[in-house]
Structure formats: structure tokens, C-alpha cells
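The values are calculated or read from the model by the stated rules, or taken from the named source; none is laboratory data. None of the values given here were measured: they were computed from a predicted structure. Heads up, the Cβs are rebuilt from the backbone with ideal geometry, glycines too, and the neighbour counts pull from every protein chain shown.
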């Protein structure tokens, strides 16, 4: 998407950015629920956005959850991760069975990608165009 003009210090930019961030975060949370990624709720609660006015940016992602990129992109499941997962599911001396294993997410030494942020952004593109056109004038093309 190309934007021809933009004043990142304007109230309109802030309002548009806030609505865009809210759209993507809400859709990402919906994706997590629909893909049944939720085990503890940490990933779901970690999705945030930040408006960087001086750069005219919106940063959207999972804050404070080190395995978020593993859900998004997949990757190698290491022994260290296995131990951390064991500790995370061992509550008050009672061992909870790993929900990830039941969901067929871990296959051998690989974690299967279950993207939630990238599809959220793609799904919000029509709404983002409308928001930009509403708040910033007819500036969004492409």
C-alpha cells in the first residue's frame, strides 16, 4: 500500500493509526482463538500495538512472549524449549499434559507454524484502506 502524503504529528494520523492497530490486534486475537493456539492465554494477552508518531509507524506484535515467533513462523523445537514447556505445565506439583502435543503442533523436532499476525494484517487491508481514506483523505492507493 502506498501513501502519497502523511503528517505523522496530526490528530488524524493518530486516530487512524489507533484504529488500524486495534483492527489488527483484534483480528490476531481472533486468529489465535480460531486456530486453538491458546494454552495459557499468555500469547493472546501479549498482542499489542504502539504508535511511533515521529516515524509515522505502527508497530504490532507480541510483547514479552519469547515463543511468539515460533507460533508465527514455526521452527526447531530444542531440548531447552522442551524443559521450559515442562516447567510451564507443571503447576503446584501436578503435571498438566502438554496441549501442544495433543494439537499435533510438535512433529519430531519441529514446531509447525500457526501464523496469527500476518493473516490478521492481510485480513485488515480493506479496513485499513477505508480508515486511511476516512482520516487522511484520499491518500491510500494500490
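Tally up the residues in the range 13-61 that are in contact (Cβ under 8 Å) with a residue 60 or more places away in the chain, within 14 Å of residue 72 (Cβ to Cβ) and not in a helix (DSSP H, G or I), please.
4
Give me a count of the residues in the range 104-114 that are crowded, with 16+ Cβ neighbours inside 10 Å and out of contact with any strand residue (DSSP E or B) (no Cβ under 9 Å at 6 or more places or on another chain).
Matching residues across the range 104-114 total 2.
Answer with yes or no whether residue 63 is surrounded by fewer than 14 Cβ atoms within 10 Å (Cβ to Cβ), within 30 Å of residue 16 (Cα to Cα) and either at pLDDT 90 or above or in the same structural domain as residue 28 (by TED's automatic domain parsing) (or both).
So residue 63 passes the test.
Looking only at the range 87-137, how many residues end up being modelled with pLDDT under 75 and assigned to a loop (DSSP other than H, G, I, E, B)?
9
Run residue 72 past the list (1) surrounded by 14 or more Cβ atoms within 10 Å (Cβ to Cβ); (2) in contact with a strand residue (DSSP E or B) (Cβ under 9 Å, 6 or more places away or on another chain); (3) not in a helix (DSSP H, G or I) and report the number of the one that doesn't hold.
Unmet condition: (3).
Just give me the residues in the range 66-86 being at pLDDT 85 or above and within 17 Å of residue 36 (Cβ to Cβ), in sequence order.
Matches in the range 66-86: 68, 70, 71, 72, 74.
Could you go through the range 17-33 and let me know if any residue there is at pLDDT below 85, surrounded by fewer than 18 Cβ atoms within 10 Å (Cβ to Cβ), assigned by TED's automatic domain parsing to the domain that holds residue 134 and farther than 14 Å from residue 116 by Cβ.
no
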